[in-house]
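The values are calculated or read from the model by the stated rules, or taken from the named source; none is laboratory data. Only a predicted model underlies this, so the values are computations on that prediction, with no experimental measurement involved. Note that we place each Cβ from the backbone using ideal geometry, even for glycine, and neighbour counts take in every protein chain shown. Note: accessible area is taken over every heavy atom of the protein model, side chains too, but ligands, DNA and RNA are not part of it. Shrake-Rupley method; radii C 1.70, N 1.55, O 1.52, S 1.80 Å.
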Amino acid sequence: MSTGNGADSAPGHTSTLTTAAPAGKNAKNSMFSSLKIRNYRLFATGQVVSNTGTWMQRIAQDWLVLSLTGSASAVGITIALQFLPMLMFGLYGGVLADRLPKRPPLLATQGAMGLTGIALAVLTLAGHVQVWHVYLAAFLLGLVTVVDNPARQTFVAEMVGTDQVANAVSLNSANFQSARLVGPAIAGVLITAVGSGWAFLLNGLSFAAPLVSLLLMRTDELHPVAPRPRAKGQLREGLQYVARRPELVWPIVLVGFIGTFGFNFPIWLSAFVEEVFHGDAGTYGLFNTLIAAGSLAGALLAARRGHSRLRLLVSAAALFSVLLLVTAFAPGFWLFAALLVPIGIFGLTVNVTANSSVQMATAPEMRGRVMALFMMVFTGGTPLGAPLLGWITDTYGARAGMAAGGLISLAASVVIAVVLARVGNLRLRVGRRGLTFVPAARKPELVAAA
């Protein structure tokens, strides 16, 4: 969201796999250090309001589709349609993010998101909503996200400067997960008491907060990156930039598998509520709130760390995958519910660690395209994974669907851990700390991969 010259403080090109925080007096940040920056405080305030509305709409949308169709596959289709535009056009959104100053596009995209929520509210409250209306609204929201996501991701670095990127990314996630604690609970009450339409309406109105925060920012306090002039081959240039850098390729590949097969909670949780535990919208909201509680804890821990390492990324991905498998076969309601908290912790750790690692290892003039690729892979795989896992869930049950997602994610985590170990010239060691990777030989350019 920034518009200035941040080249002097941005991370340069690197040939290593290290993604640790920069050395120096700014390397150690407090948990909330980014909030000392006025523009970022405004941004965070606006986002927590709109994020709460977004989570209300997500819960209401999933439950409305399930109520209209009785099908977990239909919920999967809705999710797929919302993320399909990112898969189709995500890279072009990154090109636009590098070409344009960030605030004007964000004003447009945040306003459009608000209008989408209001339109769905009008249809629902009038009693005319049909499942294809929800599908259309999800697809339109996805189109707006194509531009909004890379612009918003890159604007964070321009608001806080490079030294605070890891902390700000973690606090963004904490912000999102804080809203996730509140939004599902409010949505569950509203759906039960007055129906889904009011949740959609409140979400639409909530976008006034980020619009106001963007308008109140002091542009002279940003660290803007000069927009790239329009030129041929910029999309190809971005792909080639990533392809030459293993510190970018492998985090993106890993989050692609985790995002496609491991983050399908609307499908699994709605199926568990209906088929296994015979609950209602309140139960669905509770499950989402428990995941959010874990995710918030994971985000705050990441903010406290202030650095991102690929070793942490693959370890968190493996633990997240194992937890999915264990939770899929939890025999009782409260054990299932309790396991959702650590799932949230490690799932969020994967997301934040990969996000901050990629941003810190990317030159500022390439950040829009690289982050667009990151988000395209992370969320754009959902149109492939959601219908498949929705079909498995409908055909073989909620437990089988969740276990399938965990198994695929675990296989990807193990394979990529082995690849990173070979690229970084590491070997596996069994010691008092358990299984760890240690350097097999002195190769300064690669040993930092851990």
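At-a-glance table
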quantity	calculated
Residues of the range 325-350 that turn out to be open to solvent by less than 40 Å² (accessible area, probe 1.4 Å), among the aliphatic types (A, V, I, L, M), over 24 Å from Val169 (Cβ atoms) and assigned to a helix (DSSP H, G or I), as a count	3
Within the range 113-133, tally of residues that are surrounded by 19 or more Cβ atoms within 10 Å (Cβ to Cβ) and either out of contact with any Leu (no Cβ under 6 Å at 6 or more places or on another chain) or of a type in the set (S, T, N, Q) (or both)	6
Considering residues of the range 192-201 that are open to solvent by less than 80 Å² (accessible area, probe 1.4 Å) and in contact with a helix residue (DSSP H, G or I) (Cβ under 9 Å, 6 or more places away or on another chain) only, the residue farthest from Gln47 (Cα to Cα)	Gly195
One residue from Leu84, Leu106, Leu96, Leu100 being out of contact with any strand residue (DSSP E or B) (no Cβ under 6 Å at 6 or more places or on another chain) and within 15 Å of Thr379 (Cα to Cα)	Leu84
Selection within the range 395-411 - assigned to a helix (DSSP H, G or I) and open to solvent by 10 Å² or more (accessible area, probe 1.4 Å)	Thr395, Tyr396, Arg399, Ala400, Ala403, Ala404, Leu407, Ile408, Leu410, Ala411
Among the residues listed as Phe139, Phe155, the single one being hydrophobic (A, V, I, L, M, F, W, C), open to solvent by 10 Å² or more (accessible area, probe 1.4 Å) and assigned to a helix (DSSP H, G or I)	Phe139
Check on Phe89, open to solvent by 60 Å² or more (accessible area, probe 1.4 Å), modelled with pLDDT under 90, among the aromatic types (Phe, Trp, Tyr) and on the phi < 0 side of the Ramachandran plot	yes
Among (1) of a type outside the set (Gly, Ala, Ser); (2) at pLDDT 90 or above; (3) under 28 Å from Val341 (Cα atoms), the one test that Asn172 misses	(2)
Matching entry among Trp55, Trp63 (being open to solvent by 30 Å² or more (accessible area, probe 1.4 Å) and either touching a residue at least 40 places away in the same chain (Cβ under 8 Å) or in a helix (DSSP H, G or I) (or both))	Trp63
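Here's the yes/no breakdown for (1) in a loop (DSSP other than H, G, I, E, B); (2) touching a Phe, Trp or Tyr at 6+ places or on another chain (Cβ under 9 Å):
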{"residue": "His223", "(1), (2)": "yes, no"}
{"residue": "Thr260", "(1), (2)": "no, yes"}
{"residue": "His278", "(1), (2)": "yes, no"}
{"residue": "Thr283", "(1), (2)": "no, yes"}
{"residue": "Asn288", "(1), (2)": "no, yes"}
{"residue": "Ile291", "(1), (2)": "no, yes"}
{"residue": "Leu301", "(1), (2)": "no, no"}
{"residue": "Ala317", "(1), (2)": "no, yes"}
